[in-house]
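Peer 1: Structure below; questions to follow.
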Amino acid sequence: MKDPAAFIVSQTSIETAPLVSELRLHLATEITPIWQATESHLAEMNIEPPFWAFAWPGSQLLARWILDHPESVRDKRVLDFACGGGLAGLACAKAGASEVLVNDIDPLALDAAQLNATLNGLRVTPLQGDQIGKVPPVDLLLCGDVCYNQQMADRIIPWLRHCAQDMEVWMADPGRPYAPKVGIDILSSATLPTTMELEGKTTRETRLCRILP
């Protein structure tokens, strides 16, 4: 794609997430074309499904917790893993983290996260490529809604537990059946609004937990 930033801007509107009014984001809405595009049409254009264009419940709960507890991230190095549009990472930057890395396997997500950072006068550093299996040089690793199927959960959870030996690891999950039920500490929970188009329901029971080694 010749101009990813122009594409993102053209396909989104500047909005705020229901739970995080402090941060503005480039988000898809019912009136934007990318919301209506089918996955097959996006594939024809060689574009991954635009997960970065939505404020998912997990990222909202992470961001809300961080903004309400800025001392939990202040002066820390943070990685927002599978960042999408980077909402959780932006909350860390706003709360005073010393460095915020954003990672996603979709290059457009990294472009969206940087655009969102600029929109809010914040700074994040993109980290490209699949990071699973690596131990990132950070104090805190964040991830939201990464257990959306069994295959992904089986790959990610052991890695998160390994990382938890060297850093704090927080995961926000909107009630997926594949998310861990043991070896966690619950930090927060909330019922968050979502859409029928994305989730097949209008709310999601979402919890934020600390992953234990």
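The values are calculated or read from the model by the stated rules, or taken from the named source; none is laboratory data. The shown structure was predicted, so the numbers you read here are calculated from the model rather than taken from an experiment. Quick reminder, even Gly has a Cβ in these numbers, built from the backbone with ideal geometry, and neighbours come from all protein chains shown. Heads up: the accessible areas ignore ligands, DNA and RNA and are worked out on the full protein's heavy atoms, side chains in. Shrake-Rupley method; radii C 1.70, N 1.55, O 1.52, S 1.80 Å.
Peer 1: Once both labels are modelled 7 Å past Cα along the beta-carbon direction, what's the Q151-R123 spacing in nm?
Peer 2: It works out to 4.0 nm between the two label points.
Peer 1: Same structure, new question: Between I186 and A5, what FRET efficiency follows from the Cβ-Cβ distance if R0 is 41 Å, with the result rounded to 0.05?
Peer 2: 0.60
Peer 1: To the nearest 20 debye, what charge dipole does the chain have about its Cα centre, counting +1 at the Cβ of each Lys and Arg and -1 at the Cβ of each Asp and Glu? If you can, show how the numbers build up before the last one.
Peer 2: Numbers: 17 positive and 26 negative charges, 87 e Å.
Roughly 420 debye, rounded to the nearest 20.
Peer 1: If you don't mind, another one. Looking at the chain, what % of its DSSP beta bridges pair antiparallel, to the nearest 5?
Peer 2: 50 percent
Peer 1: Of (1) 50; (2) 56; (3) 37, which is the value of percent of Cα pairs over 24 Å apart derived from the coordinates here?
Peer 2: (3)
Peer 1: Now for a separate question. Dipole magnitude of the range 57-176 about its Cα centre, charges +1 at Lys/Arg Cβ and -1 at Asp/Glu Cβ only, in debye to the nearest 20?
Peer 2: 100 debye
Peer 1: Hey, if we sort I186, I34 by accessible area with the 1.4 Å probe, largest down, what's the order?
Peer 2: Working: I186 90, I34 5 Å².
Reading off the accessible areas and sorting them downward yields I186, I34.
Peer 1: Could you work out how far the C-alpha centroid of the range 149-165 sits from that of the range 96-128, in angstrom?
Peer 2: For the range 149-165 versus the range 96-128, the Cα centre distance is 23 Å.
Peer 1: Using a 1.4 angstrom probe on the protein heavy atoms only, could you order I157, I105 from most to least accessible area?
Peer 2: I105, I157
Peer 1: Based on DSSP H runs of at least 4 residues, each adding -39500 (n - 2.57), what is the mean residue ellipticity at 222 nm of the chain after dividing by all its residues, to the nearest 500 deg cm²/dmol? The partial results should precede the final answer.
Peer 2: Details: 8 runs with 69 residues, N = 213.
After summing the helix terms and dividing by residue count, I get -9000 deg cm²/dmol.
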